[in-house]
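S.K.: Got a structure for you, written out below as structure tokens; questions coming shortly.
The values are calculated or read from the model by the stated rules, or taken from the named source; none is laboratory data. Keep in mind that what you see is a predicted model, and the values were worked out from it rather than measured. Note that each Cβ is placed from the backbone with ideal geometry, even for glycine, and that neighbours are counted across all protein chains shown. Accessible surface is based on the protein model in full, side chains and every heavy atom, while ligands, DNA and RNA are left aside. Shrake-Rupley method; radii C 1.70, N 1.55, O 1.52, S 1.80 Å.
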Amino acid sequence: MNVQQALAARISANKFDTAHELTPEEVEALVAAAMEAPSAFNIQHARFLVVRDPAARAALQQVAYGQQKVRDAAATFVVLGDTRGAERLPLIAERSREAGLLDAAGAAGFAAKGQDAYAGKPAFAREEAIRSASMAAMALMLAATERGLASGPMIGFDPEALRREFHIDERYLPVMMIAVGRAAPGNWPRKPRLQPGEALVDDARPGLTHAFS
Ligand SMILES: Cc1cc2nc3c(=O)[nH]c(=O)nc-3n(C[C@H](O)[C@H](O)[C@H](O)COP(=O)(O)O)c2cc1C
């Protein structure tokens, strides 16, 4: 399956095979794929809590306003964004130095530049966490599709209840949940999309008014 096929095949599933389980290796492979996504300054803001124990799924279902897929799917990935990810830039830069991409001065400069970008700007850091974790979430869903697995992204949950129930530090922002498992019969077919021309202004120029149809 190529990327275009995975993009076209993915649907947001509601119905999951309740007998299906994911192996720890599959969970790890999906997270590895998610971590291939780009992130601002390569901060890699995304973190994942994977809920698969039946009682834990039932608790998470309550947090998700009763959404049945959280109970039924083999696992639900709670995608979190690290709002203080920039604090880890020295470590990120060091990994690039070890990989031979930066020398010591370059690594120090890169870390300082990144940390500067977010200093005193908590709203920007929060937006960045959402942006970068969302890219990771899409990568995870495409990887699931390639493996023949269904996925269902969700923002329908109570973030405060989630924090309380799963003891999530305030540093980590709940970005979305993704139910993952084997599809059961009864899912919606793929929904129509806007045509590119409805979402696109090609060859935009400064000073011109750009309207979407
Ligand atoms: C960020 C985000 C949050 C969503 N939240 C929910 C949700 O809480 N419950 C749900 O049933 N679907 C949810 N959806 C699924 C959308 O309804 C679905 O992606 C959209 O209708 C397009 O359908 P498709 O993904 O099957 O192409 C969410 C999707 C996204 C991207």
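S.K.: How about Lys15: which lysines have a C-alpha closer than 17 Å to its C-alpha, ignoring those fewer than 8 places off in the same chain?
M.R.: Lys69, Lys191
S.K.: Can I ask one more? Does segment 89-213 come out rounded, prolate or oblate, given a ≥ b ≥ c as the square roots of the eigenvalues of its C-alpha gyration tensor, rounded meaning a/c under 1.5 and, failing that, prolate meaning a/b above b/c? Walk me through the intermediate numbers first.
M.R.: Values: a/c = 1.75, a/b = 1.23, b/c = 1.42.
Oblate, since a/c reaches 1.5 and b/c is not below a/b.
S.K.: According to the square roots a ≥ b ≥ c of the eigenvalues of the Cα gyration tensor, what is the shape class of the chain, taking rounded for a/c under 1.5, prolate for a/b larger than b/c otherwise, and oblate for the remainder?
M.R.: oblate
S.K.: Glu94 to Asp53: FRET efficiency via 1/(1 + (r/R0)^6), r the Cβ-Cβ distance, R0 35 Å, to the nearest 0.05?
M.R.: Numbers: r = 36 Å, r/R0 = 1.02.
Calculated transfer efficiency: 0.45.
S.K.: Using a 1.4 angstrom probe, figure out how much accessible area segment 3-199 has per residue, in square angstrom, rounded to the nearest whole.
M.R.: 53
S.K.: What's the center-to-center distance, using Cα atoms, between segment 48-101 and segment 168-185 in Å?
M.R.: Using only Cα atoms to place each centre, the spacing works out to 7 Å.
S.K.: Given a 10 angstrom Cα cut-off, can you work out which residue in Glu26, Glu146, Glu128 is the most mobile in a GNM of the chain?
M.R.: Glu26
S.K.: For the chain, what is the calculated [θ] at 222 nm in deg cm²/dmol (nearest 500), taking -39500 (n - 2.57) for each run of four or more DSSP H residues and dividing by its residue count?
M.R.: That calculation yields -13500 deg cm²/dmol at 222 nm.
S.K.: Relative to the present Cα-Cα distance, how much length would full extension add between Ser213 and Asn2 at 0.36 nm per residue of separation?
M.R.: Length difference between fully extended and current span is 72.9 nm.
S.K.: When the chain is modelled as a GNM with alpha-carbon springs shorter than 10 Å, which of Thr76, Thr145, Thr23 fluctuates the most?
M.R.: Between Thr76, Thr145, Thr23, it is Thr23 that shows the largest mean-square fluctuation.
S.K.: Sorting check: for 107-118, 176-187, which peptide has the highest mean count of neighbouring beta carbons within 10 Å, and how do the rest follow?
M.R.: Highest to lowest by the protection proxy: 176-187, 107-118.
S.K.: What are the DSSP H helices in the chain that stretch 24 Å or more along their long axis, judged by alpha-carbon atoms, and whose average Kyte-Doolittle hydropathy comes to at least -0.5?
M.R.: Numbers: long enough: 122-146 (36 Å, 0.54).
Taking the DSSP H segments of the chain (at least 24 Å long, mean hydropathy at least -0.5), we get 122-146.
S.K.: Length gain on complete extension for the stretch Glu21 to Ala9, per 0.36 nm per residue less the alpha carbon to alpha carbon distance?
M.R.: Extending this stretch completely gives an extra 2.2 nm.
S.K.: Next question, about the same structure. Once neighbouring chains are kept in place and the probe is 1.4 Å, which whole percent of the accessible area of the chain is contributed by carbon and sulfur?
M.R.: Taking all protein chains in place, the chain shows 55 percent carbon and sulfur surface.
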